[in-house]
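The values are calculated or read from the model by the stated rules, or taken from the named source; none is laboratory data. No experiment lies behind these values; they were computed from the predicted model shown. Using ideal geometry, Cβ is built from the backbone for each residue, glycine included, and neighbour counts are taken over all protein chains shown.
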Amino acid sequence: MPHIALGSAGVAALLVAFGCAGCGGEEQPPIKIGVLLPVTGEAALGYDESLSFARDEINRAGGVRGRRVELVFQDTGTIPPGALDAPRRVWEMAKTFLADPDIDVVIGTDSDDTTFGITPSFIKAGKVLITPVAAGTHLSRAFPDSGYLRRTIPSDAARAELMLLAAQRSGAQTVSVLATSSLRTASFFDWLPYHAEQLGLAVNMSLRTSPGDPDCENAIEQVASYGTPDVLFLIPDTTAQADCMIRQAREVMPTAQLFMNDPSFFPGLFQSLGPLGDGIVGVSSEAPLEAPAGPPFEQTYETRVGHAAPPFAANTFDALALAAYGLQRADGGTGAQLVAAFDDVVKARGEVTGWDHDGMARALGLIASGGDLPDVTGATGKLSFSERRPLELTSATFGHWHVEGGVQTWDGALSLDAENSPFEQPPAPALQSLVEEEPTGYVPAERKAAWAFIAAFSGGMDNYRHQADALEMYQLLKARGFDDDHIILVLADDIANAGANPDPGSVTSELGGPNLRTADVEVDYHPADLTPGDVLAILEGNKTIQTPKVIESTANDDVFVYWVGHGGDTGVLLGDSANQGEAVAGPFITPWAFAAAIDDKFQAGGYRQLVAVLDSCHSGTMGQGLVTPGALLITGATASEDSYATNYDPSTNIWHADGFSSAIARHIADTPDLSIVDLYAKTYLDVQGSHPRLYNGGRFGQASTVTIGSILTP
C-alpha cells in the first residue's frame with residue numbers, strides 16, 4: 001500500500017469516518033498529549049480516569065488526523081501538599097514536555113500558582129497549555145491573548161456572581177467576605193464585593209488574611225466587628241484554613257449563613273466538622289444535567305467508568321476534547337499555527353456537535369474536511385469564550401449544594417451564558433447614578449488654560465508599573481501640547497538607570513513600547529521628599545519652602561490630577577507598601593483631606609473643572625466626602641478591592657503598567673473626543689480584576705457631554 005500523507009485533510013476525514021488509525025497499513029505513531037496533574041495523593045481527583053475516558057472516546061471516533069491519542073503523565077501528586085519547593089518541582093516536570101518535540105499540547109495544572117509560573121515557558125516554546133482547574137482571573141490579566149494558555153473551567157469571577165445570585169435568592173441583604181491570600185482565592189476577594197454591589201446587597205466587611213497566617217481567630221473577630229451578615233462568604237485555601245474559619249464563624253457569628261467556594265480541595269472537611277458543617281452552602285463547577293447536545297455526561301461517565309464523576313471530571317474531559325479539536329485543525333502545524341487552529345475551533349459557529357463519541361466523530365470529521373467548522377460542545381456545555389477576554393468561558397453550568405449530615409447534597413443547577421457573563425457587563429448601577437443624578441446647576445466659567453498634577457507615589461523596580469504609568473500620562477499630555485510650566489511631576493525616577501533594569505536607561509509601559517523616560521522629562525519632586533500635606537499644598541496652589549512649584553490655576557482653568565501608587569482603606573499611600581496588595585501602614589493622603597483640599601481650592605477660585613484619576617488598591621475610598629461642584633473623580637478600583645497590573649513580561653517578571661491606568665491612557669490618546677461618561681464606561685469594560693468607579697458626576701457639570709480632550713487642552 002502506498003504511503004499516505006496524513007497531513008491531507010481529505011484523507012484525515014476519510015480515516016475519521018471509518019474510525020481507524022492505520023486502516024490496513026503500518027500503524028502511524030500516536031499523537032502524544034502531556035498531562036501535568038496529580039494522579040496520586042490527596043490532590044488526585046480522578047483526573048487520570050476522566051482523561052482516559054476522553055481519550056477512549058476520541059480514539060473510538062478515529063483519533064486525531066487518523067492517529068490514536070496517547071496520554072503521557074507527569075504526576076504532580078508526588079509533591080507533598082504545601083511543599084515550599086512545589087513550583088520548582090512542577091517546573092521540572094513541565095520541562096520534560098517542553099523538551100519533547102512530539103508533544104505540542106499539555107493538560108494542567110490544577111493550581112493557579114503553578115499554571116501562572118509555567119505558562120511563560122509554554123509561550124516561549126510555542127506549546128499550548130490547557131488547564132481544567134485553574135480559574136483565577138489573574139491568568140487572563142497576565143496572558144490576555146497569547147493563545148498558548150487555554151482553560152476549560154469558567155473563571156472564578158463567574159462563579160462569584162452566581163454565588164451572590166444564590167445568596168440574594170435566599171433572602172440575604174447583607175454579606176461579608178473572608179478570604180485567604182493566594183492566587184487561587186484572589187478572584188473571589190476581588191469579585192464577591194463587586195457583584196454584591198451590582199445586586200444591591202450591602203457589604204459589611206471584605207477582609208483578606210495575611211499571607212501564611214494560620215490563625216483565623218483574629219480575622220473572624222474583625223469581620224464580626226462590622227456586624228453579623230446574613231451571608232458570610234468563606235474563601236480558604238487549605239483544609240486547615242477552612243476548618244478554622246468554619247469553627248470560629250459558628251462560634252462568633254452563629255446566625256450567619258456560611259457560603260463556600262468549591263470544597264473539592266478540602267477532602268474530608270465536612271465529615272470532620274460533624275454537625276458544625278451542616279447548613280453550609282456553595283457553588284461548584286459541574287456538567288449540565290441535560291447536555292445541549294448528546295447524552296448527560298454524569299450518567300454516561302458513571303456507566304463507562306464505574307462510579308460517579310469526581311470534581312472537575314467534565315472540565316478535564318473537555319480539556320482533552322479541546323486539545324483534539326485544536327490539533328485536528330492545525331493539521332501538524334505548531335506554534336502560531338497551532339494557536340490559530342485553536343482560535344478557529346472555539347470561534348466557529350457551524351453545526352452544533354455533541355461531547356460524546358458520536359459528537360466527537362462528527363466534529364473531528366467536519367474539522368478535517370476543510371469546510372465549515374462545527375460549533376463544538378463539551379461535557380460542560382458550549383465551548384464558547386469571551387471576545388474581550390479570550391481565556392474566559394461564557395457558557396458554563398454550576399451545581400448549587402448544601403451540607404447535610406457531613407455530605408454535600410445537590411440542590412440544582414445554575415447557568416452562566418454570554419448574557420450574564422461578568423466580563424461583558426457595563427457598570428449599570430454606576431452609570432445610571434451618574435446619568436440620573438440631579439445636577440447641581442453648576443455652570444463653569446469661561447475657559448482659559450489647563451494644569452496637570454501627575455504623581456507616582458512609590459519607587460523601586462518592584463513598583464516599576466507605577467512610574468511607567470505616570471510617565472505615560474506625562475508623555476501623553478506633552479504630546480497634546482502641555483508645557484512643563486503647567487505640569488507638576490512627582491516621580492522617584494530610580495528605575496531607568498537601576499542595575500536591575502533589563503533595558504538600561506529605558507522605562508516602557510508595554511513590551512516593545514517606546515522609552516517614556518526621555519531626556520526632556522522634567523521631574524519636579526521625589527515622593528520621598530514630600531509629606532501628604534505637601535502633596536495637598538501642591539494641589540491647592542499653596543507655595544511653601546517644601547513646595548515652590550504648585551498648581552497655580554484660576555477659576556478659568558481646568559485641572560487634571562493623575563496619581564498612582566499603593567492604597568488601602570485609609571487612603572492613598574505616599575511611599576512604598578510592604579506588599580503588593582493593600583497598603584496598611586505609612587503616610588496616607590486620606591479621602592477627607594483630599595476632598596477638603598479640592599473644596600478649599602474651589603472656594604478660592606482655583607479651578608473651573610477638575611478631573612482626578614486615581615489608581616491604587618481601594619482607591620474608591622477616595623470618593624468619600626467629595627461633593628464640591630465642578631470636581632469629578634474616577635478611580636481604578638472600588639473601596640473594597642485591589643487594583644491590578646497588566647502588560648506582564650514573563651522573561652523579566654516585570655509588570656509594565658496598571659490595568660486601569662493603561663486603559664484610560666489609551667482611550668485618552670486614541671479618542672479624546674469621548675465624553676467623561678463614555679471614557680469611564682469604555683475604561684470600565686477594559687479593566688480586569690478591579691472595577692473602576694466614578695464619583696461626584698452629577699455635580700461636575702455636563703459629564704455626559706464634556707469631553708476628556710476639552711479638559712486636556714492646554
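Within region 665-675, none of the residues are of a type outside the set (S, T, N, Q), assigned by TED's automatic domain parsing to the domain that holds Ser458 and under 30 Å from Leu207 (Cβ atoms). Looking at the structure I just gave you, is Arg208 among the charged types (D, E, K, R), in contact (Cβ under 8 Å) with a residue 24 or more places away in the chain, touching a Leu at 6+ places or on another chain (Cβ under 9 Å) and at negative phi? In short, yes. Against the test of being in a helix (DSSP H, G or I), of a type in the set (Gly, Ala, Ser) and outside the structural domain of Arg184 (by TED's automatic domain parsing), the options Ala703, Ala657, Ala681 yield a single qualifying residue, Ala681.
Would you say Thr316 is under 29 Å from the mean Cα position of the chain (by Cα) and surrounded by fewer than 22 Cβ atoms within 10 Å (Cβ to Cβ)? So Thr316 fails the test. With respect to (1) out of contact with any Phe, Trp or Tyr (no Cβ under 6 Å at 6 or more places or on another chain); (2) buried (at least 19 other Cβ atoms within 10 Å of the Cβ), the lone exception for Leu192 is condition (1). Starting from region 337-351, keep only residues that are closer than 15 Å to Pro390 by Cβ, then list their pairs with residues that are of a type outside the set (S, T, N, Q) and exposed (fewer than 15 other Cβ atoms within 10 Å of the Cβ) whose Cβ atoms are within a distance under 9 Å, requiring at least 6 positions of separation or different chains. If the second residue must be of a type outside the set (S, T, N, Q) and exposed (fewer than 15 other Cβ atoms within 10 Å of the Cβ), the pairs left are Lys347/Glu387; Ala348/Asp372. Every listed requirement among (1) part of a loop (DSSP other than H, G, I, E, B); (2) touching a helix residue (DSSP H, G or I) at 6+ places or on another chain (Cβ under 6 Å) is met by Tyr562 save one, (1). Taking region 252-265 as the range and being part of a helix (DSSP H, G or I) and at pLDDT below 95 as the test, the residues that pass are Pro263, Ser264, Phe265.
Across region 462-491, what is the total count of residues that are closer than 18 Å to Asp615 by Cα and more than 29 Å from the chain's Cα centre (by Cα)?
Qualifying residue count for the region: 4.
Listed residues Gly605, Gly575, Gly586, Gly625; which is over 28 Å from His691 (Cα atoms), touching a residue at least 12 places away in the same chain (Cβ under 8 Å), among the small types (Gly, Ala, Ser) and surrounded by fewer than 22 Cβ atoms within 10 Å (Cβ to Cβ)? Spell out the reasoning first.
Working: Gly575 fails: over 28 Å from His691 (Cα atoms); Gly586 fails: over 28 Å from His691 (Cα atoms); Gly625 fails: over 28 Å from His691 (Cα atoms).
Answer to the check: Gly605.
Looking only at residues in region 601-625 that are touching a Phe, Trp or Tyr at 6+ places or on another chain (Cβ under 6 Å) and modelled with pLDDT under 95, the one that is farthest from Asn696 (Cα to Cα) is Gly625.
Consider region 174-183 and keep the residues that are of a type outside the set (A, V, I, L, M) and crowded, with 24+ Cβ neighbours inside 10 Å. The one that is nearest to the chain's Cα centre (by Cα) is Thr180.
Which pairs do you get when a residue that is in contact (Cβ under 8 Å) with a residue 12 or more places away in the chain and of a type in the set (D, E, K, R), found in region 525-543, comes within reach of a residue that is surrounded by fewer than 17 Cβ atoms within 10 Å (Cβ to Cβ) and not in a helix (DSSP H, G or I), reach meaning Cβ atoms under 8 angstrom, with the pair 6+ apart or on two chains? The qualifying pairs are Asp529/Gln546; Asp534/Thr544; Asp534/Gln546; Glu540/Ala604.
Filter region 545-579 for residues that are among the acidic types (Asp, Glu) and under 23 Å from Ile634 (Cβ atoms); which is nearest to the chain's Cα centre (by Cα)? Across region 545-579, the extreme among qualifying residues is Asp569.
The residues in region 136-166 that are assigned to a helix (DSSP H, G or I) and either polar (S, T, N, Q) or within 19 Å of Ala396 (Cα to Cα) (or both) can be counted, and the count is 13. Selection of region 71-89 for residues being in a loop (DSSP other than H, G, I, E, B) and in contact with an Asp or Glu (Cβ under 7 Å, 6 or more places away or on another chain) yields only Pro81.
Please determine, by comparing only the residues of region 217-245 that are free of Cβ contacts under 8 Å to residues at least 40 places away in the same chain and touching a Leu at 6+ places or on another chain (Cβ under 8 Å), which one is surrounded by the fewest Cβ atoms within 10 Å (Cβ to Cβ). Can you show your working first?
If we filter region 217-245 for residues that are free of Cβ contacts under 8 Å to residues at least 40 places away in the same chain, which is where we start, we get 217-218, 221-222, 224-225, 228, 239-240, 242-244.
If we keep only those that are touching a Leu at 6+ places or on another chain (Cβ under 8 Å) too, we end up with 222, 239, 242-243.
On the way: Gln222: 13, Thr239: 17, Ala242: 26, Asp243: 19.
If we take residues in region 217-245 being free of Cβ contacts under 8 Å to residues at least 40 places away in the same chain and touching a Leu at 6+ places or on another chain (Cβ under 8 Å), then Gln222 is surrounded by the fewest Cβ atoms within 10 Å (Cβ to Cβ).
Taking Ser509, is it touching a Gly at 6+ places or on another chain (Cβ under 9 Å), surrounded by 21 or more Cβ atoms within 10 Å (Cβ to Cβ) and of a type in the set (S, T, N, Q)? Judged against the criteria, Ser509 is not a match. The residues listed here are Ser640, Ser651, Ser662; of these, the one that is of a type in the set (S, T, N, Q), assigned by TED's automatic domain parsing to the domain that holds Trp592 and modelled with pLDDT of 90 or more is Ser662.
Pick from region 40-93 the residues that are hydroxyl-bearing (Ser, Thr, Tyr) and within 18 Å of Ala134 (Cβ to Cβ): which of them is surrounded by the most Cβ atoms within 10 Å (Cβ to Cβ)? Talk me through it step by step, then tell me what you get.
Going through region 40-93, the residues hydroxyl-bearing (Ser, Thr, Tyr) turn out to be 40, 47, 50, 52, 76, 78.
With within 18 Å of Ala134 (Cβ to Cβ) added as a condition, the list becomes 47, 50, 76.
Working: Tyr47: 31, Ser50: 27, Thr76: 26.
It comes out as Tyr47.
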